[in-house]
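Reviewing the structure listed below.
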Amino acid sequence: MMLFTPIHIGPLELKNRIVLAPMATHYADETGAVTDRLKDYYVERAQGGSGLIIVESGYIHPLGRGGTRRMGLHEDRLIAGLKGLVESVHSEGARICSQIHHAGRQIRVNYTNGQYPVSASSIPAAMEAVVPRTLKIFEIEELVEAFGRAARRSLAAGFDAVLIHAAHGYLIHQFLSPLSNLRRDRYGGTFSRRLRFLREIVLRCQESLGKDFPLMVRISASEFIPGGITLKDGQKIARRLEEWGVKAIHVSGGTHDTVEMEIQPMAIPRGCLVHLAEGIKKAVRIPVGAVGRIVDPGMAEEILQKGKADLIAMGRALLADPEFPRKTQEGRWKDIRPCIGCLQGCHGHLYRGLPITCLVNPRAGMEREYQIKAAEKKKRVLIIGGGPGGMEAARVAALRGHEVTLAEKRNHLGGQFDLASLPDGKREIRAYLDYLTRQLKKLGVQIRINHEITPENMREVKADVVILAAGGSPLVPAIPGINREWVITAWQALAQPEKVGEKVAIVGAGSVGAETAEFLLDRGRDVTLIEMLPQIAGDAETINRKVLLRNLGEKGAQIRVLTKVTGILPGGVEMEFGGRKEILPVDTVVLAVGTRANDGLEAILREESVEFYKIGDCATPGKAIDAIHEGFKAGLRI
């Protein structure tokens, strides 16, 4: 495979074309220093076979850090910890690259000790909504020097390459874009002057590193905003970078204003930014890296074979499975744990200031603590419920050597996650469920579908340990008329859309109700969402929510917030808003008001004094990430 052929970035040879794309983790300490957790995370990806590890953005100035626990490159005291990180990655046979960065306006004030963010001009970014302070000339010159010093520290720490982060709407990008740079001095007003800041940084870094050192630049070759940077602009920027002596270009796209193109959710097609890399490659002769939901080996190889890029950068794919490169090279493609683009554990955690994790890989960021080792004593384990939490518990318990039986009352595995995979924009979920099913069969787990464990037959179970993963059931609110035959649950609507009429009211507009609405809109239904809260899909991850709301608007969903359903009448629903009632004519009512725990077997298990664990919705109704992580930990405990 071309994926596993060497390539040079300047004088640096990489053993293969697979690059860990830089992603913030919040694993550093509050001062920006490397921690054991950060080191373990990158070492795991080096062990998995990646040719180049690009570490997360290292901020070059305290005002430019993007989060509370971001890695720093702003002080000499950090060099020792960085050197330890570099040596650990080198010991696993991978090369490692630092990324130097300043967030500019894309930063929250609570990350800057109350000081206002800075930018090329005083124009706020949509996500942060804080008006930044315009940088003065002398401050720009000081920042150029700060980038140079960060490059010098990277060299002192032993990094094999340095990447300048000029993408995604951060400070350098803010100078490049006509949307955020309204200056009329030597740093703005024309295309060349908007490039001056980046050019000075490149030249200053070359002074610190040497002209031949592998200095790379990461750009957003399109902002996906009218009036912003286009691919044609990106090609012009790339040509300048090559002229200045940059050794490779990492091509991405988007900004925080178009964050769904910067950090793509599952509703955005795979390989959505590859055309940008292809366009840049046509403009330059130096190596070009592609990124953007490249999550399967076949696509990665095809990009290289067709000459669209020279390097394949993967972020979340290697978060989900650090062994992606090794498994690919060994032909074990079906053993790769797939990234499904859910964003719950990565961006969802990062946005809230938490360390990242991964829905499908609970070990991400916990590599040292969550090692799967053989059990001291082999046990008979019964898992009741075949949703993702139960399947993950079965996988881990079987890996540890236990004799595992998985009982599922339905005729298929997957639980609510199987239903969640039915909307068109969530089909990626199916890949993860298929992966789990393959792993369980490979590990010899006894899978019993159409097999319900009841209070009556629970006492006949011969097991040393029981994991109760029975999930939940839809809540049915006490609304007059709720038992009418045209009232169904969201689960029923997803599983049997043919039973849904033409005019639909969905009661409850959390993520389940909103996703069900899009599913039905795609099938030609007239849908009204009714929600008591002031917003819809408030429980969804922010980027997924943005895409979902846009789709609902474009597809014609009617949305009623701060509205209560007070009755279900023949041919309609009675709603109350602001003390006034009205009737909405519909022929189907879909309930999406929450989940109740299926915990009926717990009392029997306690009576029998059986060792047991409760996970997922049958313990506390929550998200799939909670059930899967609880299942993983239950499998480790046994």
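The values are calculated or read from the model by the stated rules, or taken from the named source; none is laboratory data. Given the structure is predicted, the values throughout are model-derived calculations rather than measurements. Here the Cβ positions follow ideal geometry from the backbone for every residue, glycine too, while neighbour counts run over all protein chains shown. With ligands, DNA and RNA removed, areas are computed over all heavy atoms of the protein, side chains included. Shrake-Rupley method; radii C 1.70, N 1.55, O 1.52, S 1.80 Å.
Please compute the Kirkwood hydrodynamic radius over the stretch 594-638, one decimal place, Å, based on all pairs of different Cα atoms.
Values: mean 1/r = 0.0885 Å⁻¹.
Taking the inverse mean of 1/r over all distinct Cα pairs, the stretch 594-638 comes out at 11.3 Å.
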- Message: Nearest 5 percent is fine: what portion of the DSSP beta bridges confined to the stretch 482-638 is antiparallel?
- Response: 40 percent
- Message: Please report Rg (one decimal) and Dmax (integer) in Å for the Cα set of the stretch 18-71.
- Response: 11.5, 35
- Given +1 on the Cβ of Lys and Arg, -1 on the Cβ of Asp and Glu, and no further charges, what dipole in debye does the chain carry about its Cα centre, rounded to the nearest 20? 1380 debye
- Got a sec? Charge dipole of the stretch 17-95, +1 on Cβ for Lys and Arg, -1 for Asp and Glu; which of Thr68, Pro22, Thr35 is way out at the positive end? Pro22
- Item | Rh (Kirkwood; distinct C-alpha pairs) - the stretch 384-484, Å | 15.0 Å
- Query: Between Glu456 and Glu302, what length comes free when the chain is fully extended (0.36 nm per residue of separation minus the Cα-Cα distance, one decimal in nm)?
  - Reply: 49.9 nm
- Return the long-range amide H neighbours of Arg65 (sequence gap of 5 or more, or a different chain), with a cut-off of under 5 Å between placed amide H atoms. Ala103
- Tally the DSSP beta bridges in the chain and give the antiparallel ones as a percent, rounded to 5. 20 percent
- Using a 1.4 Å probe on the protein chains only, how many percent of the accessible area of the stretch 159-204 belongs to carbon and sulfur? 46 percent
- Task: Over every pair of different alpha-carbon atoms in the stretch 73-230, take the mean of 1/r and invert it; report that Kirkwood radius in Å.
- Result: 16.4 Å
- 20 Å cut-off, amide nitrogen to a point 7 angstrom out along Arg184 Cα→Cβ, residues in the stretch 127-141: 133-138
- Query: Based on the Cβ-Cβ distance of Glu87 and Leu569, what FRET efficiency does E = 1/(1 + (r/R0)^6) give at R0 = 51 Å, to the nearest 0.05?
  - Reply: 0.10
- Whole-Hz Karplus ³J(HN,Hα) for the stretch 330-341, in order, using 6.51 cos²θ - 1.76 cosθ + 1.60 and θ = phi - 60°, x for Gly and Pro? 7, x, 9, 4, 6, 8, 6, 6, x, 6, 9, x
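Take the Cβ-Cβ distance between Asp76 and Ile583 as r, set R0 to 51 Å, and report the resulting FRET efficiency rounded to the nearest 0.05.
Here the calculated transfer efficiency is 0.10.
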- Message: Test of the criteria: in the stretch 22-109, which GluC sites (Glu not before Pro) are in a DSSP loop and have at most 13 other Cβ atoms within 10 angstrom of their Cβ?
- Response: Glu30
- Determine the sum of side-chain charges near Ala627: Lys and Arg each +1, Asp and Glu each -1, restricted to other residues whose C-beta is under 10 angstrom from that of Ala627. -3
- If you find the alpha carbon centre of the stretch 315-354 and of the stretch 467-503, how far apart are they in angstrom? 33 Å
- Message: If you count only protein heavy atoms with a 1.4 Å probe, what accessible area per residue comes out for the chain, rounded to a whole Å²?
- Response: 39 Å²
- Note on the structure: the stretch 1-44 scanned against label point 7 Å out from Gln329 along Cα→C-beta; backbone N under 13 Å for 1-7, 14-19
- Could you pull out every residue, at least 5 positions away or on a different chain, whose amide H is within less than 5 Å of the one on Ile447? Hs are placed 1.01 Å off N in the peptide plane, and Pro or chain starts have none. Leu406
- Note on the structure: Sorted by chain and number, the residues with a modelled amide H under 5 Å from that of Gly572, at a separation of 5 or more or across chains, are Val586
- Task: Using only the C-alpha atoms of the chain, find the volume of their convex hull and express it per residue in Å³.
- Result: 165 Å³
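In the neighborhood of Ile467, defined by Cβ-to-Cβ distances under 11 Å, what is the net charge if each Lys or Arg adds +1 and each Asp or Glu adds -1?
Here the count lands on 0.
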- Can you grab the distance from the C-alpha centre of the stretch 575-638 to the C-alpha centre of the stretch 249-272, Å, no decimals? 33 Å
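How long are the semi-axes of the equivalent ellipsoid of the stretch 480-620, defined as square roots of 5 times the Cα gyration tensor eigenvalues? Whole Å, largest first.
Computed over the stretch 480-620, the values are 30, 19, 15 Å.
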- Query: Are there trypsin sites (Lys or Arg not before Pro) in the stretch 209-288 that DSSP puts in a loop and that have at most 14 other Cβ atoms within 10 Å, and which ones?
  - Reply: Lys211, Lys282, Arg285
- Binning at 10 Å from 0, report for the stretch 1-104 what percent of all alpha-carbon pair distances ends up in each bin. 16, 46, 29, 9, 0
- Excluding ligands, DNA and RNA, the carbon-plus-sulfur percentage of the accessible area of the stretch 27-103 with a 1.4 Å probe reads 45 percent
- Return the distance in nm (one decimal) between the two label points of a simple spin-label model at Arg270 and Asp424, each offset 7 Å from Cα along Cα→Cβ. 1.9 nm
- Could you give the nm distance between label points at Lys373 and Glu485, where each point is 7 Å from its Cα heading toward the beta carbon? 6.2 nm
- Note on the structure: A student applying the Cα gyration tensor rule (rounded when a/c is under 1.5; otherwise prolate if a/b is larger than b/c, oblate if not) would label the stretch 501-551 oblate
- Message: At 7 Å along Cα-to-Cβ for each site, give me the label-to-label distance between Leu203 and Ala478 in nm.
- Response: 7.6 nm
- Just the number, please: carbon plus sulfur as a percent of the accessible area of the stretch 242-339, 1.4 Å probe, no ligands or DNA/RNA counted. 47 percent
- Rounded to the nearest 0.05, what FRET efficiency do Asn113 and Leu533 give with R0 = 30 Å and r taken as the Cβ-Cβ distance? Could you check? 0.30
- Message: Within 14 Å, Cβ to Cβ, of Gly501, how many net charges do the neighbouring residues add up to if Lys/Arg are +1 and Asp/Glu are -1?
- Response: 0
- Message: Explain nothing, just compute: Karplus ³J(HN,Hα) = 6.51 cos²θ - 1.76 cosθ + 1.60, θ = phi - 60°, for every residue of the stretch 143-152 in order, whole Hz, x for Gly and Pro.
- Response: 5, 4, 5, 5, 5, x, 5, 5, 5, 4
- Query: From the phi of every residue in the stretch 121-132, what ³J(HN,Hα) in whole Hz does the Karplus formula 6.51 cos²θ - 1.76 cosθ + 1.60 yield, where θ is phi - 60° and glycine or proline is x?
  - Reply: 9, 8, 10, x, 7, 5, 5, 7, 6, 10, 6, x
- Note on the structure: So His8 and Asp36, fully extended at 0.36 nm per residue minus their Cα-Cα distance, gain in nm 7.0 nm
